[in-house]
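This report refers to the structure that appears directly beneath it.
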Amino acid sequence: MKLSEPTHQKQRAPQYSTTSKMLLVVFATSLLLANVLLLQQTRALSQNFNNEQKQATWFLFQLSKELSELVGEARRVDENVLNIEGAELQYELAWSRFDLLISSNEAYTFFSRNNMHQYFIDLFEEFQGLEAQLVEARTGDSQAAAQFYRSTQTLYLSLVDFVNQNFRLSSKVYEAQKGETQRLMQAQYMLFATFVLSILSLTYFFYRESHFHRKLALSDPLTHLGNRNALFINLNELTQEKRPFSLWILDLNGFKSVNDTHGHQVGDTVLREIARRLKSMALNDFTVYRMGGDEFAVILEGEHVDEEGVREHINAVFDAPILNSDNVATLSTSMGLAQYPKDSNNVDFLISIADKRMYKMKFQR
């Protein structure tokens, strides 16, 4: 007989609130944006550094070239003071290169970042001191010409030594750039790892929640057996895979009087005890379901069914009285059997056949 569902305790859902999940989504999104911004910053930093380095290197190359030519002109002056005009012209060119290197924004930024700018200011002041020697050499002073040559050579070698020290791959400049890039990359890796962990956490939370809701949709909350939906899913799987089975539908006799006499709480206890006993039957490859109210179903897999043996196991469930404190509930069951594929290949027909046979037994009591 069909009764309205007894009252029962609600199953507890996993403790993942909507707020917590939204916060985790926001956190993961923020980490993703932070990764993108950090990547852009790393690229921009590298590009800016390379551009500044190219500009500074070009100015430095031009200065080195002009100083090298100035050394050559100074040697000619040392050999013959009449060659002074070429040296004066080259001195002016070198002066302009110094001015460009020191005043250029790109070169200034690059050299300032690497603590080089002061060196070029000092070198330029030293270069400006050569002008007095050049003026004296113009008067025909051979000693001034020789001093001018030695001074320009010393200044040029100082620049060459500076370039060799600071612009090779193992220099402090490149090490500083490498260190800054590595720090940014490490920060990016850490952010990305945290982002991946957040995504995995989100995936896990949603999976657990989805698993819970699926389990809730396929479970009877009172007895924790599979419900009617789970029964149909199992039946369809078995028929699709063409695996023989027998379907038993059980309807309790006397359960309405238990509800009417003792109340729904006692009725709930009775249903839970019957579910426990049915699951404990000494049968192979069987599954128990609660279809609703006081109706249960048992699927027993296998082609050959010991019908009488199964009936004895099911009836044995109701042999002992079901106790609840001082209340004693004595029940029995009516049952109907349908076999696949013997009786039908259709799930709905199988349930209908088993249901009719169950009611036939009930009315014969």
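The values are calculated or read from the model by the stated rules, or taken from the named source; none is laboratory data. Everything quoted here is computed from the prediction, not taken from an experiment. Using ideal geometry, Cβ is built from the backbone for each residue, glycine included, and neighbour counts are taken over all protein chains shown.
Considering only residues in the stretch 338-355 that are surrounded by 21 or more Cβ atoms within 10 Å (Cβ to Cβ) and touching a Lys or Arg at 6+ places or on another chain (Cβ under 9 Å), the one that is farthest from Asp319 (Cα to Cα) turns out to be Tyr340.
So which residues in the stretch 243-263 are in contact (Cβ under 8 Å) with a residue 40 or more places away in the chain, over 18 Å from Lys360 (Cβ atoms) and either in contact with an Asp or Glu (Cβ under 7 Å, 6 or more places away or on another chain) or not in a loop (DSSP other than H, G, I, E, B) (or both), if there are any at all?
Step one: list which residues in the stretch 243-263 are in contact (Cβ under 8 Å) with a residue 40 or more places away in the chain, which gives 243-256, 258-259, 262.
If we keep only those that are over 18 Å from Lys360 (Cβ atoms) too, we end up with 243-245, 254-256, 258-259, 262.
Hits for the stretch 243-263 are Arg243, Pro244, Phe245, Phe255, Lys256, Val258, Asn259, His262.
Restricting the search to the stretch 273-293, which residues are under 44 Å from the mean Cα position of the chain (by Cα) and surrounded by 16 or more Cβ atoms within 10 Å (Cβ to Cβ)? Scanning the stretch 273-293 gives Ala275, Phe286, Thr287, Val288, Tyr289, Arg290, Met291.
Residues in the stretch 119-150 that are over 18 Å from Arg75 (Cα atoms) and either charged (D, E, K, R) or surrounded by 14 or more Cβ atoms within 10 Å (Cβ to Cβ) (or both): 7 in all. Of the numbered criteria (1) surrounded by fewer than 23 Cβ atoms within 10 Å (Cβ to Cβ); (2) over 25 Å from Arg357 (Cα atoms), the one Gly267 fails is (1). Of everything listed in (1) of a type outside the set (S, T, N, Q); (2) at pLDDT below 90; (3) closer than 20 Å to Val288 by Cβ, the single unmet condition for Asp260 is (3).
In the stretch 97-135, what residues are of a type in the set (S, T, N, Q) and modelled with pLDDT of 90 or more?
Of the residues in the stretch 97-135, the ones of a type in the set (S, T, N, Q) are 103-105, 109, 112, 114-115, 118, 128, 133.
If the condition is that a residue be of a type in the set (S, T, N, Q) and modelled with pLDDT of 90 or more, then Gln128, Gln133 are the ones that fit.
Residue-wise test of (1) of a type outside the set (Phe, Trp, Tyr); (2) closer than 18 Å to Gly254 by Cα.
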{"position": "Ser280", "(1), (2)": "yes, no"}
{"position": "Phe286", "(1), (2)": "no, no"}
{"position": "Val305", "(1), (2)": "yes, no"}
{"position": "Arg311", "(1), (2)": "yes, no"}
{"position": "Thr330", "(1), (2)": "yes, yes"}
{"position": "Met335", "(1), (2)": "yes, yes"}
{"position": "Lys342", "(1), (2)": "yes, no"}
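Pick from the stretch 85-96 the residues that are of a type in the set (Asp, Glu) and loosely packed, with under 14 Cβ neighbours inside 10 Å: which of them is modelled with the highest pLDDT? Full working, then the answer.
From the stretch 85-96, those of a type in the set (Asp, Glu) are 85, 88, 92; that's our starting set.
Next, from what is left, pick out any that are loosely packed, with under 14 Cβ neighbours inside 10 Å: 85, 92.
Working: Glu85: 90, Glu92: 93.
Looking at the filtered set, the residue picked out is Glu92.
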